[in-house]
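Step one of this worksheet: look at the structure below.
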Amino acid sequence: MSRTHMKVASRPDASSAADVTARVAGLLSDIEAGGEAHVRTLAAEYDGWHGPIAVDRETIAAAIRELPNTVVDDIRTAHRHIRDFAQAQRDSLREFEVEIAPGLIAGQRVVPVATAGCYVPAGRFAHVASALMSVTTSSVAGVERVVVASPATADRGGVHPAILFAADLAGADVVLGLGGVQAIGSLAFGLFTDDPADVIVGPGSALVAEAKRQLFGRVGIDVIAGPTESMIVADDSAEAHIVATDLVSQAEHGPDSPVWLVTTSPRLAAEVLRLAPRYAHALPKPARAWATDAWRDHGEIIVTDDREEAADVCDEYAPEHLQVMASDLEWWKQRLRNYGSLFLGEETTVTFGDKSAGPNHTLPTGGAARYTGGLNVSKFLKQLTWQQMTREAASVQAPIAARISRLEGMEGHARAADLRKDL
């Protein structure tokens, strides 16, 4: 088996630059020390926002009235899909108890965290779908309090109206008009809510990702997301114009967003190589520049001898999004194992998953799909174990645990077990 690279490109540097790390550490330290007053200063400095941070019900209601009916209907439909998928995930997690040995009963409880912080970006794009994905999922998990943070800017008079509607519909209890590191710090430290988040989720800039990374441990997080990435694996049955369109559609996320084609068809590879830069150039500004740069610097085309080798390439790259445009989709579904989310068939574009289909779009990047999945209800749930035993069961366990404890050199443990021999 062999691979031929018809287009070779570098991968974005996934590491956090030293200056970003230091900058974020300084910001978080200042936010924790300076509290809400300092966050207000940062909101004014970075977003030109001097208004209230916590969004009141009247503002949310007014924002919803601004939205066209079609926008409202589309957001409602996407919310229903996301909610139903999240509910199916929640239903798949169950509590149980089992008698492991006579008198030794152990079990599992499934308990939601108390407070979730959901970050919703609104810089280059107003990420309405991200509000739905994170807030809906946490609400379905049963989180007691969901706090959303999304940038409030002077040019639009606050938080984006569609984000306010999506967050409210999905079950947000509080919306904070904050972006960037100041948003993540406020969620983690409980500013403006007196309720520190147990888990913080949602995509964002490199600064946001670094803030989540530095706070991990103090709070739970979903993923440390890098640039959006997408891979298509295709055979000779695929249509080149569909493949090229879908690759370019993901490249418009930004100039550092890699897009990859793996194919068993040299003909398809050559045609996509011709079409992709044309399609990128045909986009309107500013997407044109982002997609053109992403394709030029981070687009790859790899031709393999057969589908097994193509599948190996997919698993090695472990892409965030993986589309299959090939015959025998069931074979691919069973064979592939490293991806954030899988899209089967030419009918199933990543755009559907990004916006409205149902499975969550907050996914691992940078090869992290080798060991983790994306955002789901279990990120907001603790699977807690418990055990209880009778005196007879304890007398059976005691000598076993005592011997293992002494083998490990832990005499205190052994003596605690010894006490249970003759209760």
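The values are calculated or read from the model by the stated rules, or taken from the named source; none is laboratory data. Keep in mind that what you see is a predicted model, and the values were worked out from it rather than measured. No Cβ is skipped: glycine too gets one built from the backbone with ideal geometry, and neighbour counts run over all protein chains shown.
Return the residues of the stretch 5-53 that are in contact with a strand residue (DSSP E or B) (Cβ under 8 Å, 6 or more places away or on another chain), over 30 Å from ALA269 (Cα atoms) and surrounded by 14 or more Cβ atoms within 10 Å (Cβ to Cβ); say none if nothing qualifies. Spell out how you get there, then give the answer.
So in the stretch 5-53, the residues in contact with a strand residue (DSSP E or B) (Cβ under 8 Å, 6 or more places away or on another chain) come out as 5-9, 43, 47-49, 51-53.
Within this subset, residues satisfying the condition of being over 30 Å from ALA269 (Cα atoms) are 43, 47-49, 51-53.
Within the stretch 5-53, ALA43, ASP47, TRP49, GLY51, PRO52, ILE53 qualify.
Considering only the stretch 159-187, state which residues are assigned to a strand (DSSP E or B) and in contact with a Phe, Trp or Tyr (Cβ under 7 Å, 6 or more places away or on another chain). Outline the logic, then answer.
Filtering the stretch 159-187 for residues assigned to a strand (DSSP E or B) gives 159, 174-177.
Correct list: LEU176, GLY177.
Matching residues to (1) out of contact with any strand residue (DSSP E or B) (no Cβ under 6 Å at 6 or more places or on another chain); (2) among the aliphatic types (A, V, I, L, M):
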residue	(1), (2)
LEU247	no, yes
GLY254	yes, no
TRP260	no, no
ARG267	yes, no
ARG274	yes, no
ARG278	yes, no
LEU283	yes, yes
ARG288	yes, no
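Any chance you could count how many residues in the stretch 55-94 are more than 20 Å from SER139 (Cβ to Cβ), without any contact (Cβ under 8 Å) to a residue 60 or more places away in the chain and not aliphatic (A, V, I, L, M)?
7
Any chance you could count how many residues in the stretch 163-174 are surrounded by fewer than 23 Cβ atoms within 10 Å (Cβ to Cβ) and farther than 15 Å from ALA54 by Cα?
So the first thing to find is which residues in the stretch 163-174 are surrounded by fewer than 23 Cβ atoms within 10 Å (Cβ to Cβ), and the list is 168-169, 171, 173-174.
Filter once more, keeping what is farther than 15 Å from ALA54 by Cα: 169, 171.
Counting residues in the stretch 163-174 that are surrounded by fewer than 23 Cβ atoms within 10 Å (Cβ to Cβ) and farther than 15 Å from ALA54 by Cα gives 2.
Among the residues of the stretch 140-150, is there at least one that is assigned to a helix (DSSP H, G or I), under 17 Å from the mean Cα position of the chain (by Cα) and at negative phi? Don't jump to the end; show me each part of the working.
If we filter the stretch 140-150 for residues that are assigned to a helix (DSSP H, G or I), which is where we start, we get 140-141.
So of that shortlist, the ones also under 17 Å from the mean Cα position of the chain (by Cα) come out as 140-141.
Cutting the leftovers down to at negative phi gives us 140-141.
Within the stretch 140-150, one or more residues are assigned to a helix (DSSP H, G or I), under 17 Å from the mean Cα position of the chain (by Cα) and at negative phi.
Please give the strands (runs of 3 or more DSSP E) falling wholly within the stretch 40-129 in which 2 or more residues are at negative phi and in the same structural domain as PRO286 (by TED's automatic domain parsing).
Details: elements: 96-101, 104-112, 115-119.
Qualifying strands (runs of 3 or more DSSP E): none found.
Hey, among THR4, THR21, THR59, which residue is under 22 Å from HIS127 (Cα atoms) and of a type in the set (S, T, N, Q)?
On the way: THR4 fails: under 22 Å from HIS127 (Cα atoms); THR21 fails: under 22 Å from HIS127 (Cα atoms).
Result: THR59 is the single residue among THR4, THR21, THR59 that is under 22 Å from HIS127 (Cα atoms) and of a type in the set (S, T, N, Q).
Kindly indicate the residue of the stretch 296-353 that is aromatic (Phe, Trp, Tyr) and surrounded by 18 or more Cβ atoms within 10 Å (Cβ to Cβ) and also farthest from SER130 (Cα to Cα) among those meeting that condition.
Taking the candidates together, the pick is TRP332.
In the stretch 150-160, is there at least one residue being surrounded by 24 or more Cβ atoms within 10 Å (Cβ to Cβ), touching a residue at least 12 places away in the same chain (Cβ under 8 Å) and closer than 28 Å to SER378 by Cβ?
yes
Would you mind stating whether GLY358 is assigned to a loop (DSSP other than H, G, I, E, B), out of contact with any Pro (no Cβ under 7 Å at 6 or more places or on another chain) and farther than 29 Å from ARG90 by Cβ? Step through it out loud before you land on a result.
On the way: assigned to a loop (DSSP other than H, G, I, E, B): yes; out of contact with any Pro (no Cβ under 7 Å at 6 or more places or on another chain): yes; farther than 29 Å from ARG90 by Cβ: no.
For GLY358, the condition - assigned to a loop (DSSP other than H, G, I, E, B), out of contact with any Pro (no Cβ under 7 Å at 6 or more places or on another chain) and farther than 29 Å from ARG90 by Cβ - is not met.
Of all the residues that make up the stretch 373-399, how many are within 30 Å of ASP222 (Cα to Cα), part of a strand (DSSP E or B) and in contact with a helix residue (DSSP H, G or I) (Cβ under 8 Å, 6 or more places away or on another chain)?
Step one: filter the stretch 373-399 for residues within 30 Å of ASP222 (Cα to Cα), giving 373-387.
Going one step further and asking which of them are part of a strand (DSSP E or B), we end up with 381-387.
Retained after the next criterion (residues that are in contact with a helix residue (DSSP H, G or I) (Cβ under 8 Å, 6 or more places away or on another chain)): 381.
Within the stretch 373-399, residues that are within 30 Å of ASP222 (Cα to Cα), part of a strand (DSSP E or B) and in contact with a helix residue (DSSP H, G or I) (Cβ under 8 Å, 6 or more places away or on another chain) number 1.
For the stretch 59-91, give me each residue that is β-branched (Val, Ile, Thr) and surrounded by 15 or more Cβ atoms within 10 Å (Cβ to Cβ).
Here is the first cut: in the stretch 59-91, the residues β-branched (Val, Ile, Thr) are 59-60, 64, 70-72, 75, 77, 82.
Of everything in the stretch 59-91, those that are β-branched (Val, Ile, Thr) and surrounded by 15 or more Cβ atoms within 10 Å (Cβ to Cβ) turn out to be THR59, ILE60, ILE64, VAL71, VAL72, ILE75, ILE82.
Name the pairs whose Cβ atoms lie under 8 Å apart, with the first residue in the stretch 322-333 and modelled with pLDDT of 95 or more, the second in a helix (DSSP H, G or I) and of a type in the set (Gly, Ala, Ser), and 6 or more positions between them or separate chains?
Hits for this filter: TRP332/ALA311.
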